[in-house]
Each structure stands twice: as structure tokens, then as C-alpha cells.
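Note sheet for the following structure.
The values are calculated or read from the model by the stated rules, or taken from the named source; none is laboratory data. Since the model is a prediction, treat every value here as computed from it, not as a measurement. Here Cβ is always computed from backbone atoms with ideal geometry, including for glycine, and neighbour counts include all displayed protein chains.
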Amino acid sequence: MKTRTPAFVALAALAAVPAPFAAAQEKGQELEQVSTLTRVREGGTPYDPNQRLTPYKVDLAGATGITLRSRPNAALVSSPPEYSPTRGVMFQYGNSWNSVVTACVSALTAGTVNDEIAWVVVANQAAATSAASAFAAAGANLSKVVFIVAPVDSIWLRDYGPHFVFENGTLAVVDSHYYPNRPNDNFIPTIAGDGTFGVPTYDQPLYYSGGNFQPGPNRSGFCTALVNLDNPSSAGFSEALVREVHDAFQGIDTLHILPQLPFSVDGTGHIDMWMYLVDEDTVIISEFIAGSNATAISVTNNAVPYMQALGFEVFRPQAWNVGATHYTYANAFRVNNRIFIPVYGTGIVPGGNSAYNARDTDAVAKWTAAAGPGVTLVPIQCSSIIGASGAIHCIVKQVPRYANALPAAHVSLPEGGAVVRAGAVQEIRWNATDTNNVALANVDLAYSTDGTTWTDIATAIPDSGSYQWSVPAGLRSDAARVRVTARAADGDTVIAVGNPFRVGPGTRTRYDFASGAGVDRFVTGSQTAAWTNASASSLPVSTALTAAQYTALSTSNATGGDTDANRYISPAISAGNEATHVFRVRIAEAPATIDELRITWEGYADNCTQAELYVWDVAQSQWGDAAGLIGQNRFADSYAGNRDEAMTVAIRSNIGNYVAADGTVRFMVYAERSADETFHDYVSVDVTTLDPAPACPGDFDSSGSVDGADLGQLLANWGPCAACAFDLNGDAVVDGADLGELLAGWGACP
């Protein structure tokens, strides 16, 4: 444990709120306030008055393995704690409490000593111009401010913002579900991940706000029991599944679940309103003043010995209620060696209530002791915002800093076990991250059929994260791999090798609604009352599509929103029901001959509702993930967004379990939130069959033996040979390696 020096921590008080904004706060004014959506969800936050009042943990121990198909692809995932290195902070400006955002951005970016960036989400360019003017007037360094222009509903970026993770060391974004009536907020993580940060984004199938989750040391996570109420057993979420999803998407092996404060005390139910992990062995836990709600006192007091037993030293600033307003000092955020803390009085930062001066002083002393030496406290006046059930932790999201000296890289496509056709085009997808999150200079791509000998695909190309690879026609291997060599601007390099995949000559047949609709390819749907109506029913809905609707499904051409006629738009869903559509496609191939059966659905569900792709398991007579797991929430893929994306599943084993006796493959798109429509753009089923390997490689004339005639043909084609049978190892050249393979098989074919 580090040595603490409570007598000294630098206190950046006056810099937190420059004079013009402090004056506005003293008068209780809000600058450019457009809307005042509070942090409390519309309709109220779930609360169980009979909850257990002591914390407990849920471990991965004993689990048989993570089977969620839509998790990051074969990567070691981890969630960096907030006290780990930080590259900058995300904010939202323009909806409400702009002066609080301005104070934070100014304090974060002012001067030249610190290099952290403020990424600020604004609704339009006019809002960006207004924000830049306010920030500059407050002393911000605008060279360290980056605007993200996107539709947005509220200021509470902690709750709807990206969950940043590292997958195999590279930065990525996980997107969970936020309030259904704030769909613009709900989609910000995907917009930021895809655009601003240029990293992969993954749809995490859980409903929870970021303020109710804090990653901790040793792959641990902390939240309140609200996570179980938000994802209830009635919706198919066991507590084990909740923890499994945390592990699959965020690398949380142990989830610590603490009690929830009563709704009358705190309208959010979030852990960040009363607990904050300062570092790997220090925690802030609120101490409610005498006379406060008895349950709130028990919840916070019971957390102290629990956290101490985990090895944390506990510090306890005061908390209290004035009516429905919950005043807390735990709602702070850390940025490297600075910790921004809320204050409510007038003595440290002007603009608050002088009655709270002593409590501010007490909180600063306890934060000073908790922070330890070399850490600067930055107090932010939060009197104006705290009545909305949140302070400064609620309105920010730290962006992790990649701090290693060498870059990291990860190959995600082709995925392990994929079936790739020789002579076709295959996407290579990778992710690379360099020190301080700077852009990499370029990458090299190569492939191997044996994991030892490598052939260039492309060299010194931009680090775009994606490349369309024209696979050599003669390539064949059961253990091919792709390699990415990522090169930093300073010359540092890192090599990432993808998982083995199969490649060879073969055929791919696509079944879509461009033909055969209503004959051997059908869609039925509209809505079901609940999952129980779809469970174990291969045709839970019976409304058939029209010819025009089939035409809308036949091509991937929708570019507009909900009214785009280029997509099939489901009927309006009645309140209390959920959109459900079943697709039936009859294929000609026998299951035993198929190497890969790939299902693709393109579209979205309204208001960022989660759409789920299930495949009918013929053997188990139930919907499932096409990997053996069945039932609710055991889907093959999921997506929640405001624009078209593809959900896919590739089936490469036990294919007979997913093809009925009449050759029909059934899959279902189920949108789990009531009353929201689905918008379907394109659907396809691809069947890939690889040709059997030649009985005798090198027997070019099929004479039954490898002999002089075959040697002559090989020598006649010596040299570059991008797509020919004489290139036995598929490296696009006929050379000594191919000669060696031919000679090794000399003689009669077995």
C-alpha cells in the first residue's frame, strides 16, 4: 500500500471555475440551457425494498466457458479501471448545465503541462461554435478540444457513453443499452467508436447505465443490484448470465454486486453516487449524516467491511439529502494525477450554499488523504446540477490511454474456423493501437498456409482496419492464417497473427429474396406478446409478406431512416408486444456436403431496441445460437442501433441440426423491447462447399501417378503463377517449394 501524506495534495480551486462562469453560478444561472433531462429515467428507476443489504460477489469459477456468439472475436478482453492511464475525457455540451461542462473542460485542458484531450459531443456545428467560445473564455486550450457532432438527448454521458475495453491490447468500444426514450444518446458509443476513435464497436446485450459500473483491479467489476432489476429473470437473465455477459464483453471475471440506495434517497440507483475506486487499493464510500435514511446508512456502512476485506482502504466523506436531492462527494472522476471532485459551498469555489462550507472542507481533507502524494484535486461547483440526481462523474467518460512503448495489434477476420474460398474476395479486419492512442503509420498484410512460410498480401498500406483480399485461386489449407505487421510512426512494429481458418477451391451459393420469394423462401411476422409465445415454436407468427415487401428485402439498398421504401417496414407493434419475424429458406445442398452455412440479416429496430438473431435448432426443437445453446437470450448475434447493420452467424459444425428434413433453414429476428418496429433491408443464406483435396497433389494429368509428365508441366509453368494448379503451396509462384512437394509425392497415387 502506498504511503499517504494527508498534509499535502495540490488543490486547483480557483482554476476550476473562471470568474465569468463563477458569477453566473452564484446567481444560479445556466448558460445556453436547452433541455433539463434529469439523470433519473423516465418512468422511474426499479428498486427492490426487500433487497439484501450486504454486498456479495458472482465469480466465473465453475463456468463451462463463454458461449456468447456476438462477443469480441477470440480476444482477451479487459476493462481498464478509471485510475489507469487516461488519454482524455468525453463530455456533452449544449443540452443543459453547460457551465459545469465548461468548468471541467477548462480545468482539464488549460495550460501546457497536461496533454489530455476533451472530446465534446454537440448536436450541430452551431453548438460546437458556441461551446468553443465558452471554453476559450473560461481559459481552455482549444487545441486539446475535439468536437463530435451527433444527435444527442442529454448531458449524462457516463450513463450512455462508450465502455472502453482493450482486446488483445488494442482499444475497442462496447455499447450497452440506455434509456429507450433517449435513442440518440443510446447510439453515441457506436458513432464515437466507428467515427471519432476508429475502433471496433461491440453490442453488449445488457441494459445498464455506465454510472452503475466501475471496473476494478484483477478483472473485477462493481455495480449495485440495479443490474439485476434492469435485466430481470423474467426477461431470461439469470444472475449467472449477467455476469457471463460482463466477462464476455468487458473481461470481468468477478462481479461485485452491492445494495442499491432507496429510490427516495437516490433516484438513479447507481453505484457512482456513493462509491468511487480511487486506485487499486483505495475507495471512497459515502457516510450519510445522522438522521439520514436508515437503509442508506446500512447500505453504505455494510460496504465498508466488504471493501476492506478485498484489500481496500476506505475513506468516507459525508452525504445527505435535502428533499429528493442527494448530495454526494463520491461522484468524482480521475484523470491520471488529477481528481475532479464536486463541491457545494462557497468557500472553495463560489456559487454554492455557504451552509455546506464545512462539509466541503471535510470532503477535501478525506479526498486528500485518499489520493496520496502527487495528486491534484480539482473542485467543481455542482450546486446547479446535483438536483438532477447527478454531479460530474455522471457527465464524463474517460478515454483510456494506451501506455505501452510498443504498439498492439489484433486480427479479427477471417475468424478462427472460417471457411474461405480460393479465388474469392475475403475481408481482412484488424485493430491496432499505439502509444498515447496516436495513429499508426502503416501495416503489412501476409498469409500462410502452414503458419511458417509467409506470402505478402499488401505492404505499407494505411492502417484502415480493413482490407479486401483477393484470395489466390490455388490456395488450399486447413490451417491458413493471416498476419498483420503494424508499424508506428517512429518505426516500432508489432506482429499479430490471426486464428487458423480453412481455405480451398469451392462453390458458394447465395439464397436471397431476389428470386424464389413465396415459393421456397418465406417470411412471416409482425409481433408476439412475449418470448414465451416464440419459445419452442418454429412458426410463432403467421402474417405473410406481400410481393412488394419481398422486393424490398431482395437488395441491400436502403439508405434512409424509418420511412425508406427500399426496406421492409414491419407493422406498428402494439403496446406490450415485441416485433417477431421468422425467415424460412429452402436450400438444395445436403447438410453433410456443406462446409459453412452463413445467415445474414441487415436492418435495425426502432429507438435502439436490441434486435436478436436466433436459428431454429431442429434437434432440440427450440430457438438458439446455432452453437448448441437454446432459449431466450441465447441468440447468435444482436444489434441495437439507429441505422442499418448486419447480424450474421456462420454454422460450420453439426449443420444437420439446423436444416430440416425438407431442406429448410429457419431463423428469427426478435426485437425484445415492446412497441418498437423493425426495419429489414436485406436477408441472405450463403452455402459454401469446398472441393475435396486432390487424392494425389502433383498428378496434373490425372494418370494415377506423379511422374515425368507432371514434372514437365510444372517446369513449363515455372515462375509467377497467381491462379494455377501447378502452384502446389498457393504462394502465387511455381518454384522450388512446389518442386519439393511434387517430388515428395513421386510415384503411384495411393
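For every residue, the table says whether it meets (1) within 30 Å of ASP463 (Cβ to Cβ); (2) in contact with a helix residue (DSSP H, G or I) (Cβ under 9 Å, 6 or more places away or on another chain); (3) polar (S, T, N, Q).
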| residue | (1), (2), (3) |
| --- | --- |
| VAL494 | yes, no, no |
| ASN499 | yes, no, yes |
| ARG502 | yes, no, no |
| GLY506 | no, no, no |
| THR524 | no, no, yes |
| THR546 | no, no, yes |
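Condition test on VAL113, is it farther than 29 Å from ASP676 by Cα, out of contact with any Gly (no Cβ under 6 Å at 6 or more places or on another chain) and in contact (Cβ under 8 Å) with a residue 12 or more places away in the chain? In short, no. Scan the stretch 211-231 and give yes if some residue there is among the basic types (Lys, Arg), in the same structural domain as SER133 (by TED's automatic domain parsing) and closer than 24 Å to ALA332 by Cβ, otherwise no. The answer is yes, given that some residue of the stretch 211-231 is among the basic types (Lys, Arg), in the same structural domain as SER133 (by TED's automatic domain parsing) and closer than 24 Å to ALA332 by Cβ.
Can you name every residue in the stretch 431-446 that is out of contact with any Leu (no Cβ under 8 Å at 6 or more places or on another chain) and surrounded by 22 or more Cβ atoms within 10 Å (Cβ to Cβ)? VAL443, the sole residue that qualifies.
Scanning the stretch 293-312 for residues that are in a loop (DSSP other than H, G, I, E, B) and either of a type in the set (S, T, N, Q) or more than 30 Å from PRO373 (Cβ to Cβ) (or both) gives a single hit, ASN293. Looking across the stretch 326-378, the residues that are among the aromatic types (Phe, Trp, Tyr) and closer than 19 Å to GLU287 by Cβ come down to TYR327, TYR329, TYR344, TYR356, TRP367. The condition of being touching a helix residue (DSSP H, G or I) at 6+ places or on another chain (Cβ under 7 Å), farther than 30 Å from VAL146 by Cβ and at pLDDT 95 or above holds for only one of LEU53, LEU60, LEU68, that being LEU53. Looking across ALA118, ALA128, one residue alone is farther than 17 Å from SER154 by Cβ, among the aliphatic types (A, V, I, L, M) and outside any helix (DSSP H, G or I). It is ALA118.
Put simply, of LEU206, LEU171 the only residue that is touching a residue at least 40 places away in the same chain (Cβ under 8 Å), within 27 Å of ALA409 (Cα to Cα) and either assigned to a strand (DSSP E or B) or under 11 Å from the mean Cα position of the chain (by Cα) (or both) is LEU171. If you go through the stretch 234-269 and pick out every residue that is part of a loop (DSSP other than H, G, I, E, B) and in contact (Cβ under 8 Å) with a residue 40 or more places away in the chain, you end up with 16. Of all residues in the stretch 177-192, exactly one satisfies the criterion of being without any contact (Cβ under 8 Å) to a residue 60 or more places away in the chain, touching a helix residue (DSSP H, G or I) at 6+ places or on another chain (Cβ under 8 Å) and closer than 20 Å to ALA646 by Cβ, namely PRO189.
When ARG338 is tested against (1) under 30 Å from SER106 (Cα atoms); (2) over 31 Å from the mean Cα position of the chain (by Cα), exactly one condition is not met: (2). GLY347: surrounded by 19 or more Cβ atoms within 10 Å (Cβ to Cβ), in contact with a helix residue (DSSP H, G or I) (Cβ under 6 Å, 6 or more places away or on another chain) and over 19 Å from ASN212 (Cα atoms), yes or no? No; evaluated as a whole, the condition is false for this residue.
This table checks each residue for (1) in contact with a helix residue (DSSP H, G or I) (Cβ under 6 Å, 6 or more places away or on another chain); (2) free of Cβ contacts under 8 Å to residues at least 40 places away in the same chain; (3) outside any strand (DSSP E or B).
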site	(1), (2), (3)
ARG666	no, no, no
TYR670	no, no, no
ALA675	no, no, yes
ASP681	no, no, no
THR688	no, no, no
CYS696	no, no, yes
SER702	no, yes, yes
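Whether any residue in the stretch 278-292 is in the same structural domain as LEU226 (by TED's automatic domain parsing), acidic (Asp, Glu), in a loop (DSSP other than H, G, I, E, B) and surrounded by fewer than 22 Cβ atoms within 10 Å (Cβ to Cβ) is what I want to check. Within the stretch 278-292, one or more residues are in the same structural domain as LEU226 (by TED's automatic domain parsing), acidic (Asp, Glu), in a loop (DSSP other than H, G, I, E, B) and surrounded by fewer than 22 Cβ atoms within 10 Å (Cβ to Cβ). If you go through the stretch 193-203 and keep only what is aromatic (Phe, Trp, Tyr) and without any contact (Cβ under 8 Å) to a residue 60 or more places away in the chain, you end up with nothing.
Would you mind stating whether ALA319 is farther than 24 Å from GLN381 by Cβ and modelled with pLDDT of 95 or more? Spelling it out, it is not the case that ALA319 is farther than 24 Å from GLN381 by Cβ and modelled with pLDDT of 95 or more.
Inspect the stretch 372-393 for any residue being buried (at least 24 other Cβ atoms within 10 Å of the Cβ), among the small types (Gly, Ala, Ser), under 19 Å from ILE155 (Cβ atoms) and touching a Pro at 6+ places or on another chain (Cβ under 6 Å) and give the result as yes or no. Scanning the stretch 372-393 turns up at least one residue that is buried (at least 24 other Cβ atoms within 10 Å of the Cβ), among the small types (Gly, Ala, Ser), under 19 Å from ILE155 (Cβ atoms) and touching a Pro at 6+ places or on another chain (Cβ under 6 Å).
Of the strands (runs of 3 or more DSSP E) that lie entirely inside the stretch 333-386, those containing 1 or more residues that are in contact (Cβ under 8 Å) with a residue 24 or more places away in the chain and basic (Lys, Arg) span 333-335, 338-343.
In the stretch 506-514, is there at least one residue being surrounded by 15 or more Cβ atoms within 10 Å (Cβ to Cβ), under 30 Å from TYR550 (Cβ atoms), among the small types (Gly, Ala, Ser) and without any contact (Cβ under 8 Å) to a residue 60 or more places away in the chain? Yes, the stretch 506-514 has at least one match.
Filtered by the rule that a residue be under 18 Å from the mean Cα position of the chain (by Cα), surrounded by fewer than 24 Cβ atoms within 10 Å (Cβ to Cβ) and either among the aromatic types (Phe, Trp, Tyr) or farther than 30 Å from MET307 by Cβ (or both), the stretch 209-234 gives no residues. Residues of the stretch 673-720 that are within 30 Å of ALA605 (Cβ to Cβ) and modelled with pLDDT under 90: ARG673, SER674, ALA675. Residues in the stretch 577-614 that are over 17 Å from PRO540 (Cβ atoms), basic (Lys, Arg) and more than 28 Å from the chain's Cα centre (by Cα): ARG586 alone. When the stretch 293-320 is limited to residues that are among the polar types (S, T, N, Q) and buried (at least 18 other Cβ atoms within 10 Å of the Cβ), the one that is farthest from GLN260 (Cα to Cα) turns out to be GLN318.
Of all the listed residues (ALA626, ALA671), the sole one being surrounded by 18 or more Cβ atoms within 10 Å (Cβ to Cβ), aliphatic (A, V, I, L, M) and over 28 Å from PHE501 (Cα atoms) is ALA671.
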